Amino acid sequence: MKSGFLDKLIERLDRVGPGEVQNLLHKLLRRKGFFEQVFEALEEGVIICDPQGMVTFLNRAACGFFGLDHETSPGRRLEDVIRGLQWTLLTKRREVVSRDMEVYYPEHRWLNFYFRPIDDASGGDPVGYVMLIRDITQTRRMTEEQMESERVNALIVLAAGVAHEIGNPLNSLNIHLQLLEKKLKKADRAVYDKVSAQIDIARGEIQRLDFIIEQFLGAMRPVPPVFELTDINQVMESAVTFLAPELKDRRIRTRLDLHGGLPLLRIDAAQMKQALYNLIKNASQAMGTGGTLSLRSELTDSDVVISVEDSGKGMSPEVVANMHQTWFTTKKTGTGLGMMVVRRIVRSHGGELSIESAEGRGTTVRIALPRTAKAARFLESGDAPPRPPEQNEVIDV
Ligand code: ADP
Ligand code: MG
C-alpha cells in the first residue's frame, strides 16, 4: 500500500465515515498479514527496529540465525538480542551498513547483514531501521577452499620448477663424472682402480637424486597417458630387466609367471613400466636381502590381472591404510610418492589396484586392467578408431 495513499487518508480522516475507517483498517490489517507471511517465507533474516533500537518485528529466518525466540524477542533492544552489535555505531552516520559476522550459537555460521534506516517521507528522522541477514557460510567455505587449492597449486608449480632446475646440474655432474672416469682410466690405471668405487657411488647418488626428481615431477605434473597396443608381458619383463642389478645385489630370486595367451592391451607402456618399477622397487626394499619376487600375469573373464608379490616384511593395517597418501613413507630415504604415482597410472588406465599384505610374510599388489573399454573416455576421439572385426584379440583397457 502506497504511503501516499495513507498520508491522504490521514489528512482526510475527519471527513471519512466510521464505517469506512473500519473497512480501511481491515484492509490494512490484511495487507500487514500478507507482508508478514512474505517475510516469514524468506530465507533471509529480517529484523525491524524502531528509532530507539527496539525490535518491533523479526522473521523466522532471523530467529534461526541467532537462536532467538519469535514471541519474546520483539520489544527487546537489538543489541541485547544480538551480541556484538552496537546500536550507536550502527546508526551513528544514518547510512547503510553492511558487515560480515561470525556467530557460534545456535550453529557456527558466517552471516552478512545489511542495515539501513527507513526514511521518513517528509525527510525527518528515520521512522525505524531494517536489518537483512544472509547466511554466507557456504560461499565463504568455498572461497576458502578455492584459496587453499590455489595456494597449493602455486606451491606445486614452484616446487616443480625447482625440481626441474635441479635436473640440469645433475645431468652435467653425471657427464663430468663420466669424463673424469675416462680420463683417469687412460692416464693412470692404478689411480683409477683406487677411486672407481667412489666414482660409482657418486654416480649412484646422482641417479638416486635423478629418480627422486623424476618421481616428484611425475607426481606433480602428471602427463596424460598415450595409449598404444602393447604386450603387457613385455612391459613386465623390461621392468624386471631394468632393476635386475639391484635384485641381484640383494640376492632376491625373481620368478616370472606370465600368461602366454594374453591379448594386446591399449596402454601407455612407459607409464605402466613406471608403475611396475615403483612396485618392484618397493618389493625389493621390503625384502632387504634374500626372498622371492614373483611377477604374474593372468587372464580372467573381465580383466587382465598383473601382480607383483614379495616375501618381504609386509605391512600393518595402518600402513596399508596410508600407503597411497602423497608423501607417506616409512623409509628413512623414502619419498612417499611411489604408490601415489602407481595409483594414478592405474586409474588413468581405467584399472583397479588392490593390495594384500601380511606383516612378516609379504605383500601382493594386483593391477586389474579391464577387458571392456573402460578407459575409452581417456582416449582422444581421434585416437580410438573403431576396432575392425579381424582384430578381435585386441582389448581396450
Ligand atoms: P616410498 O617407497 O618412498 O616409501 P611409496 O609410496 O612407494 O613410498 O610407499 C609408501 C609406503 O608403503 C612405504 O614407505 C612402505 O611403508 C609401504 N609399502 C609399499 N609397498 C610395500 C611393500 N611391497 N611391502 C611393504 N611395505 C610397502
Ligand atoms: Mg616406493
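The values are calculated or read from the model by the stated rules, or taken from the named source; none is laboratory data. This one's a predicted model, so the numbers in the text were calculated from it and none came from an experiment. Counting neighbours? That spans all protein chains shown, and the Cβs are built from the backbone with ideal geometry, glycine included. Areas reflect the complete protein model, heavy atoms only, side chains present, ligands, DNA and RNA absent. Shrake-Rupley method; radii C 1.70, N 1.55, O 1.52, S 1.80 Å.
With the requirement that a residue be in contact with a Ser or Thr (Cβ under 8 Å, 6 or more places away or on another chain) and more than 27 Å from residue 340 (Cβ to Cβ), what does the range 195-253 give you?
251, 253, listed by residue number.
Pairs, please: C-beta under 6 Å, at least 6 apart or cross-chain, first residue at positive phi and in the range 356-368, second of a type outside the set (S, T, N, Q) and within 16 Å of ligand 2 (Cβ to nearest atom)?
360/314; 362/310; 362/312; 362/314
Residue-wise test of (1) away from ligand 2 (no atom under 16 Å from the Cβ); (2) touching a residue at least 60 places away in the same chain (Cβ under 8 Å); (3) among the aliphatic types (A, V, I, L, M); (4) buried (at least 20 other Cβ atoms within 10 Å of the Cβ).
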residue	(1), (2), (3), (4)
270	yes, no, yes, no
290	yes, no, no, no
295	yes, no, yes, yes
299	yes, no, yes, no
310	no, no, no, yes
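Evaluate the range 361-373: report whether one residue or more is open to solvent by 50 Å² or more (accessible area, probe 1.4 Å), farther than 25 Å from residue 156 by Cα and assigned to a helix (DSSP H, G or I).
no
For the range 316-331, what are the residues that are more than 8 Å from ligand 1 (Cβ to nearest atom) and touching a Gly at 6+ places or on another chain (Cβ under 7 Å)?
326, 327
Take the range 134-166 and flag every residue that is assigned to a helix (DSSP H, G or I) and surrounded by 13 or more Cβ atoms within 10 Å (Cβ to Cβ).
137, 140, 156, 159, 160, 163, 164, 166
Pairs only if they're at least six apart or on different chains, beta carbon under 7 angstrom, first in the range 238-251 and assigned by TED's automatic domain parsing to the domain that holds residue 294 and aromatic (Phe, Trp, Tyr), second open to solvent by less than 90 Å² (accessible area, probe 1.4 Å) and part of a helix (DSSP H, G or I); list them, first residue then second.
Cβ pairs passing all conditions: 242/277.
With 45, 67, 33 as the choices, which residue is at positive phi and either open to solvent by 70 Å² or more (accessible area, probe 1.4 Å) or at pLDDT 85 or above (or both)?
Step by step, each of 45, 67, 33 is checked, and only 67 is at positive phi and either open to solvent by 70 Å² or more (accessible area, probe 1.4 Å) or at pLDDT 85 or above (or both).
Being within 16 Å of ligand 2 (Cβ to nearest atom) and either within 30 Å of residue 149 (Cα to Cα) or in a strand (DSSP E or B) (or both): is that true of residue 216 here?
So residue 216 passes the test.
Report, by residue number, each residue of the range 20-69 that is out of contact with any strand residue (DSSP E or B) (no Cβ under 7 Å at 6 or more places or on another chain), under 16 Å from residue 133 (Cα atoms) and not acidic (Asp, Glu).
Passing the criteria: 38, 41, 42, 60, 63, 64, 67.
How many residues does the range 327-351 contain that are more than 17 Å from residue 223 (Cα to Cα), at pLDDT below 90 and touching a helix residue (DSSP H, G or I) at 6+ places or on another chain (Cβ under 7 Å)?
Within the range 327-351, residues that are more than 17 Å from residue 223 (Cα to Cα), at pLDDT below 90 and touching a helix residue (DSSP H, G or I) at 6+ places or on another chain (Cβ under 7 Å) number 2.
Any chance you could count how many residues in the range 179-213 are among the acidic types (Asp, Glu) and loosely packed, with under 15 Cβ neighbours inside 10 Å? Full working, then the answer.
Filtering the range 179-213 for residues among the acidic types (Asp, Glu) gives 181, 188, 193, 200, 205, 210.
Among the residues that remain, those that are also loosely packed, with under 15 Cβ neighbours inside 10 Å are: 188, 193, 200, 205.
So the answer is 4.
Within the range 82-109, track down each residue that is in contact with a helix residue (DSSP H, G or I) (Cβ under 7 Å, 6 or more places away or on another chain) and not charged (D, E, K, R).
82, 85, 86, 87, 97, 103, listed by residue number.
Across the range 273-297, what is the number of residues that are part of a helix (DSSP H, G or I) and within 17 Å of residue 368 (Cα to Cα)?
8
Being more than 28 Å from the chain's Cα centre (by Cα) and farther than 20 Å from residue 218 by Cα is the filter here, so list the residues in the range 145-182 that pass it.
Listed by number, the residues that qualify are 172, 173, 174, 175, 176, 177, 178, 179, 180, 181, 182.
Just give me the residues in the range 320-344 being aliphatic (A, V, I, L, M), within 12 Å of ligand 2 (Cβ to nearest atom) and in a helix (DSSP H, G or I), in sequence order. Show your work before the answer.
Restricting attention to the range 320-344, the residues satisfying the condition of being aliphatic (A, V, I, L, M) are 320-321, 323, 337, 339-342.
Filter again for within 12 Å of ligand 2 (Cβ to nearest atom), leaving 323, 337, 339-342.
Across the range 320-344, the qualifying residues are 339, 340, 341, 342.
Test residue 313 against the criterion of being modelled with pLDDT of 90 or more, farther than 24 Å from residue 257 by Cα and either part of a loop (DSSP other than H, G, I, E, B) or more than 16 Å from ligand 1 (Cβ to nearest atom) (or both), and give yes or no.
Answer is no for this residue.
Can you find a residue that is under 16 Å from residue 364 (Cα atoms) and more than 10 Å from ligand 1 (Cβ to nearest atom) anywhere in the range 259-267? Write out each step before concluding.
Of the range 259-267, the ones under 16 Å from residue 364 (Cα atoms) are none.
Taking every residue of the range 259-267 in turn, none turns out to be under 16 Å from residue 364 (Cα atoms) and more than 10 Å from ligand 1 (Cβ to nearest atom).
Residue 255: more than 29 Å from the chain's Cα centre (by Cα) and not aromatic (Phe, Trp, Tyr), yes or no?
For residue 255, the condition - more than 29 Å from the chain's Cα centre (by Cα) and not aromatic (Phe, Trp, Tyr) - is met.
Need the failing condition index for residue 105 against (1) in contact with a Gly (Cβ under 9 Å, 6 or more places away or on another chain); (2) more than 30 Å from residue 13 (Cα to Cα); (3) open to solvent by less than 80 Å² (accessible area, probe 1.4 Å), just the number.
It is condition (3) that residue 105 fails.
Of the residues 142, 131, 147, which single one is of a type in the set (A, V, I, L, M, F, W, C) and modelled with pLDDT of 85 or more?
So the residue among 142, 131, 147 that is of a type in the set (A, V, I, L, M, F, W, C) and modelled with pLDDT of 85 or more is 131.
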